[in-house]
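The values are calculated or read from the model by the stated rules, or taken from the named source; none is laboratory data. Since the structure is predicted, the reported quantities are computational estimates derived from the model, not experimental observations. Here the Cβ positions follow ideal geometry from the backbone for every residue, glycine too, while neighbour counts run over all protein chains shown. What goes into the accessible areas is simple: the full protein's heavy atoms, side chains included, and nothing from ligands, DNA or RNA. Shrake-Rupley method; radii C 1.70, N 1.55, O 1.52, S 1.80 Å.
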Amino acid sequence: MADTDGTEAKQLLNDWRAGDLVARDRLFTLLYSELRQVSAALLRAERNSSLSTGDLVNEAVMRLVKLDQIEWADKSHFLALSARAMRRILIDNARKKLSDKRHHHKVTLVTRLSGMPSDRIDLDVLEKALIRLAAIDKDKADIVEMRYFGGMSHQEIAEVTGTSESTVKRGWRTARAWLLNALSEERAG
């Protein structure tokens, strides 16, 4: 079934790129449950978030629909870009809430970075660390984004990036260690 969905998604992506809006709508219908899973994973640990799983998916869909001339490779690539859009939405939402003078709630996500004193990480701090990592090594920052925010497997990331799964695993370990260090420094400072 997953292979059938992947094949159908790839065809729909190609049709959408060719201008078929019905294919675009069918693609979102086909992948809606997977987009909701990504959204739910991102929102699971959110406190005081006004966004629901459906809201986050819908906002991401609206942003993706506005993109022109994206070279969608396949289903994994589409889900990675969807996760990136959702991440941007969460960051925008967190910054908006932080700028509100009446409410100062810290927006956090749960992470599986071992060794951290707490499982909660401030989303804005994580975003700044990812920007620094991207300046050093964009490929590793992309792996973190797809793995952490998109919930993608090493194999799916390898397909999107065109590298081997072992390269992705090494990149993930290195990026995770770098982020752990960066976030620990941020907490200490």
Sort out which residues of the stretch 126-156 are among the hydrophobic types (A, V, I, L, M, F, W, C) and either more than 22 Å from N181 (Cβ to Cβ) or in contact with a His (Cβ under 6 Å, 6 or more places away or on another chain) (or both), and write them in order of number. M152
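Inspect all residues belonging to the stretch 167-178 and state whether any of them is over 27 Å from L56 (Cα atoms), in contact (Cβ under 8 Å) with a residue 12 or more places away in the chain and in contact with an Asp or Glu (Cβ under 7 Å, 6 or more places away or on another chain). Give the steps one after another, and end with the answer.
At the first step, the residues of the stretch 167-178 found to be over 27 Å from L56 (Cα atoms) are 167-171, 173-174, 177-178.
Next, from what is left, pick out any that are in contact (Cβ under 8 Å) with a residue 12 or more places away in the chain: 168-169, 171, 174, 178.
Okay, now just the ones that are also in contact with an Asp or Glu (Cβ under 7 Å, 6 or more places away or on another chain), so 171.
Yes, that holds for at least one residue.
Let's see how each residue does on (1) over 23 Å from A134 (Cβ atoms); (2) in contact (Cβ under 8 Å) with a residue 12 or more places away in the chain:
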| position | (1), (2) |
| --- | --- |
| A18 | yes, no |
| V22 | yes, no |
| L30 | yes, yes |
| E34 | yes, yes |
| V38 | no, yes |
| R44 | yes, yes |
| S50 | yes, yes |
| M62 | yes, no |
Could you count how many residues in the stretch 14-45 are more than 20 Å from R87 (Cβ to Cβ) and open to solvent by less than 80 Å² (accessible area, probe 1.4 Å)? 10
Among the residues of the stretch 141-149, are any more than 15 Å from the chain's Cα centre (by Cα) and at pLDDT below 85? no
